[in-house]
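S.K.: Structure provided below as structure tokens; questions to follow.
Every number in this text was worked out from the coordinates using simple rules, so none of it is lab data. If you're wondering where the values come from, they're calculated on a predicted model, not measured in any experiment. Every residue, glycine as well, gets a Cβ built from its backbone with ideal geometry; the counts of neighbours run over all protein chains shown.
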């Protein structure tokens with residue numbers, strides 16, 4: 001299914017980003033399918049808790065999918081590194097105050113406390129072969145969409161990355 005048919009152009013931003021009315025659940029679903037999470041290749045349990053019904057956001061859908069792809073890929077990597085044997089990822093969405101917050105949570109080793117405050121800066125990585133640009137790009141994309149992004153270690157292990165975007169309101 002091509003999401004373009006589910007989106008319409010809303011306006012053109014000064015920094016040359018076309019924003020569309022995009023169904024966030026469909027964007028998440030496409031990234032899950034691309035990554036094949038939950039199938040035997042990854043041996044990772046995937047739990048998805050998104051709002052019932054359509055939730056539309058202003059977005060360049062390709063850029064938001066890039067953010068989702070990066071967060072999910074990082075979560076897959078972390079889930080494989082889990083010392084608890086709990087290879088699980090939870091993707092959730094919460095609607096409040098005119099925004100939707102999408103979170104990708106893993107149960108891996110968590111974020112090194114020495115870099116947690118810097119994970120969104122370029123060239124900061126905990127991966128042996130990582131470049132440290134994925135989260136920096138993700139931050140730029142979310143901020144260009146007038147949203148915010150954050151990372152936190154969870155008390156029971158693992159990490160959670162969340163971003164918030166304004167919900168599309170057609171005034172109805």
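S.K.: Given contacts defined as C-alpha pairs under 8 Å and at least six residues apart, what's the relative contact order of segment 35-162, whole-number percent?
M.R.: 24
S.K.: For Cα pairs less than 8 Å apart in space and 6+ apart in sequence, what is the mean separation divided by the residue count of segment 47-122, i.e. the relative contact order in percent?
M.R.: Computed over segment 47-122, the figure is 32 percent.
S.K.: A follow-up question, please. Looking at the calculated P(r) for segment 58-106, what percent of the C-alpha pair distances fall above 15 Å?
M.R.: 54
S.K.: Right, here's the next one. What relative contact order, as a whole-number percentage, does segment 107-172 give when Cα pairs under 8 Å and 6 or more residues apart are counted?
M.R.: The normalised contact order for segment 107-172 reaches 32 percent.
S.K.: With viscosity set to 1.567 mPa s at 4 °C, what whole-number translational diffusion coefficient in µm²/s follows for segment 27-172 from Stokes-Einstein and a Kirkwood radius over Cα pairs?
M.R.: For these conditions, the coefficient is 83 µm²/s.
S.K.: Counting other beta carbons within 10 Å of each residue's own, what order do 120, 77 fall into, fewest first?
M.R.: Lowest to highest Cβ neighbour count: 77, 120.
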